Amino acid sequence: MGLTYLFVAHDLSVVAHISDRVAVMYVGQIVELAPTAELFTHPKHPYTEALMSAIPRPDPRPREKRILLRGEVANPANPPSGCYFHPRCMYARDICSAEEPVFEEVAPGHYVKCHLGRELSLTGAIVVA
């Protein structure tokens, strides 16, 4: 029999070392769920990519720039139409404001709630062993 626990955190560098699977939430909705190594190396949601860019790295060599999200976090009592994240998303298209995306499997065990989840090639953070 295995042990299951729910660990809620904002520090993704800790999450990477103690979790087998990670769910990323935005305004109370899970927008991405995947095995830890898969999520950290191949994120599929733009919000996950922005979170990954904020993880501090102890490497002085140049790295990708941090993604600074524009706008305000959506109000859960009065969310925007379509995807909750579209007003802050640098990849947003017309469909993002018109239709709510479905939570779909885009790779084995990797789920994302994004219209562009299958086509975007996003930057991950670290390779998790």
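The values are calculated or read from the model by the stated rules, or taken from the named source; none is laboratory data. Note that this is a predicted model, so its numbers are computed, not measured. We place every Cβ from the backbone using ideal geometry, glycine too, and count neighbours over all the protein chains shown. Heads up: the accessible areas ignore ligands, DNA and RNA and are worked out on the full protein's heavy atoms, side chains in. Shrake-Rupley method; radii C 1.70, N 1.55, O 1.52, S 1.80 Å.
What number, in percent, do you get for the relative contact order of the chain if the mean sequence gap of Cα pairs under 8 Å and at least 6 apart is divided by its residue count?
Across the chain, relative contact order equals 31 percent.
So which chymotrypsin sites (Phe, Trp or Tyr not before Pro) in segment 20-129 pass both tests, a DSSP loop state and at most 16 other Cβ atoms within 10 Å of the Cβ?
Tyr91
For the chain, what does -39500 (n - 2.57) per DSSP helix run (n ≥ 4), summed and divided by total residues, give at 222 nm, in deg cm²/dmol to the nearest 500? Mind showing how you got there, number by number?
Details: 4 runs with 26 residues, N = 129.
Taken over the chain, the calculation gives -5000 deg cm²/dmol.
Suppose a student asked you for the relative contact order of segment 4-58, using Cα pairs under 8 Å spaced at least 6 residues apart; what percent would you report?
Contact order relative to length: 29 percent.
Rounded if a/c is under 1.5, else prolate if a/b beats b/c, else oblate: with a ≥ b ≥ c from the C-alpha gyration tensor eigenvalues square-rooted, which is segment 1-71?
oblate
Describe numerically, in nm with one decimal, the distance between label points set 7 Å from Cα along Cα→Cβ at Val27 and at Asn75.
That separation, rounded to one decimal, is 1.1 nm.
Given points 7 Å out from each Cα along the Cα-Cβ axis, report the Ser121 to Glu105 separation in nanometres with one decimal.
It is 2.6 nm.
For the chain, set up a GNM with springs between Cα atoms under 10 Å and report which of Pro101, Pro76, Pro58 has the largest fluctuation.
Among Pro101, Pro76, Pro58, the largest mean-square fluctuation in the Gaussian network model of the chain belongs to Pro58.
Counting only heavy atoms of protein chains, what accessible area per residue, in Å², does the chain have with a probe of 1.4 Å?
On the way: 8290 Å² over 129 residues.
Accessible area per residue, the chain: 64 Å².
Viscosity 1.306 mPa s, temperature 10 °C: what is the translational diffusion coefficient of the chain from Stokes-Einstein with a Kirkwood Rh over Cα pairs, rounded to a whole number of µm²/s?
Using the Kirkwood radius from Cα pairs, D works out to 103 µm²/s.
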